[in-house]
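The values are calculated or read from the model by the stated rules, or taken from the named source; none is laboratory data. Note that the coordinates shown come from a computational prediction; the quantities given were computed from them, not determined experimentally. All Cβ positions, even for glycine, are placed from backbone atoms using ideal geometry, and neighbour counts span all protein chains on display. Note: accessible area is taken over every heavy atom of the protein model, side chains too, but ligands, DNA and RNA are not part of it. Shrake-Rupley method; radii C 1.70, N 1.55, O 1.52, S 1.80 Å.
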Amino acid sequence: MKKIVSSLICTGLLVCGFGGFASVHAEGVTNELNNSIQTTNEYEKRGYSLQVINGETDPAMEPIINEFVNLYFKVYPKLIKKYAYNRKEASREVILEFDPEYDGVAYADNGKIVVSTDWILTNPDDVALFTHELTHLAQAYPTYDDETWWITEGIADYTRYIYGPHNGSWRLPEEVEDADNYDSGYRVTARFFLWITQHKNHFAVDIVNRKMQNGTFDLQLFEEITGKSIEDLWEEYVQNPNVRTHY
């Protein structure tokens, strides 16, 4: 693998700086196995930095990357301020990789977020998946297991709803399906959490998030902060799941 200066780098707003921040480093890497060009750009603003690695040569990626970069500097500082365990010590350096080989949608791991280029090119309005994954970096829970994964993913979709952007068709479910439960995770749990914050305790998600971070979460917590067990909360929610939403 050898490094080259890529002529694809310095084109348009992506590199030259926009929205009050600038690309401080840019380079191209040629992968000798498949002769593809992987571009890397770094952005900095107010103590936050984002390194973007793009392994896709389709020019349609450029406006998509612009949206991700803008969203990072708009949303990630808010997520750190509200959801990080220690916002002063939380990492403000994130790597974002658009991977043409990854056949999922996106994932976050140890300061890096990987997004499938196939997915985002097919679903260019799904930029808010980045908000979901950035939430995982802010959460930084010590465990991700069968007992509490639904909280991890439910809060990440809750923040996706709160912070957006709401560009596409993604919505919290309007109705409760028979197969749904409080621990279904993702959008189902996110809407349940929204209901709890609106009807029971405005700080419920904040409290659950902090307990997850310090390893002291227990389902009993819901009764402590709402006066009802999570099973009773879910039963009440199913009977009257009305929430105020905005998109």
Which stretch or stretches of the range 81-100 have amide N atoms under 18 Å from the point lying 7 Å from LYS45's Cα along the Cα→Cβ direction?
81-82, 92-97
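How large is the accessible surface per residue of the chain, computed with a 1.4 Å probe and reported in Å² as a whole number? If you can, show how the numbers build up before the last one.
On the way: 12800 Å² over 247 residues.
I get 52 Å² per residue for this part.
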Obtain the nm distance between the two label points defined at LYS88 and ASP206 by a simple spin-label model: each point lies 7 Å from its Cα along the Cα-to-C-beta direction.
1.9
Please check the chain for the longest run free of GluC sites (Glu not before Pro) that are loop-located per DSSP (anything but H, G, I, E, B) and have at most 13 other Cβ atoms within 10 Å.
178-247
Which one of GLY47, GLY168, GLY111 has the biggest mean-square fluctuation once the chain is modelled by GNM with Cα springs under 10 Å?
GLY47
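Is the range 117-247 best put as rounded, prolate or oblate by its Cα gyration tensor, with a ≥ b ≥ c the root eigenvalues, rounded for a/c under 1.5, and otherwise prolate when a/b is larger than b/c, oblate when not?
Numbers: a/c = 1.92, a/b = 1.31, b/c = 1.46.
Verdict is oblate for the range 117-247.
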Provide Rg and Dmax in Å for the chain, with only Cα atoms included in the calculation.
19.7, 62
Sort ILE53, ILE155 by heavy-atom solvent-accessible area, probe 1.4 angstrom, most to least.
ILE53, ILE155
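Could you give the semi-axes, largest first, of the ellipsoid that matches the range 125-169, computed as the square roots of 5 times the alpha carbon gyration tensor eigenvalues and rounded to whole Å? Before the final figure, lay out each step's value.
On the way: eigenvalues 91, 20, 11 Å².
Semi-axes from the Cα gyration tensor: 21, 10, 8 Å.
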Virtual spin-label span in nm between THR245 and THR122, 7 Å along Cα→Cβ:
2.4
Over the chain: helical MRE at 222 nm, DSSP H runs n ≥ 4 each giving -39500 (n - 2.57), nearest 500:
-12500 deg cm²/dmol
Using 7 Å Cα-to-Cβ label points, what is the SER169/GLU147 separation (nm, one decimal)?
3.9
Looks like the range 51-148, by Cα gyration tensor root eigenvalues a ≥ b ≥ c and the a/c under 1.5 rounded cutoff (else prolate when a/b is bigger than b/c, oblate otherwise), is prolate
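Hey, any idea what % of the chain's accessible area is carbon plus sulfur with a 1.4 Å probe? Display every interim value, and only then the final one.
On the way: 5910 of 12800 Å².
Reported share for carbon and sulfur atoms: 46 percent.
Would you count, across the chain, every pair of lysines whose alpha carbons are under 15 angstrom apart, provided the pair is eight or more residues apart or spans two chains? Could you put the intermediate results ahead of the total?
Details: LYS45/LYS74; LYS45/LYS78; LYS74/LYS82; LYS78/LYS88; LYS82/LYS211; LYS200/LYS228.
Total qualifying Lys-Lys pairs in the chain comes to 6.
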On average, how much area does the Cα convex hull of the range 93-161 cover when viewed from any direction, in nm²?
4.9
Sorting PHE192, PHE73, PHE203 by accessible area (1.4 Å probe), largest first, what list results?
PHE203, PHE73, PHE192
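Could you tell me what percent of the DSSP beta bridges with both partners in the chain are antiparallel, to the nearest 5? Before the final figure, lay out each step's value.
Details: 24 of 35 bridges.
Here the antiparallel bridges make up roughly 70 percent for the chain.
In debye, nearest 20: dipole of the range 67-225 around its Cα centre with unit charges on the Cβ of K, R (+) and D, E (-)? Intermediate values should be presented prior to the final figure.
On the way: 15 positive and 27 negative charges, 239 e Å.
Computed charge dipole of the range 67-225: roughly 1140 debye.
Under the classification rounded if a/c is under 1.5, otherwise prolate if a/b is larger than b/c and oblate if not, where does the range 148-205 fall, given a ≥ b ≥ c as square roots of the Cα gyration tensor eigenvalues? Can you show the working numbers first?
Numbers: a/c = 1.38, a/b = 1.09, b/c = 1.27.
Rounded shape, in that the Cα axes give a/c under 1.5.
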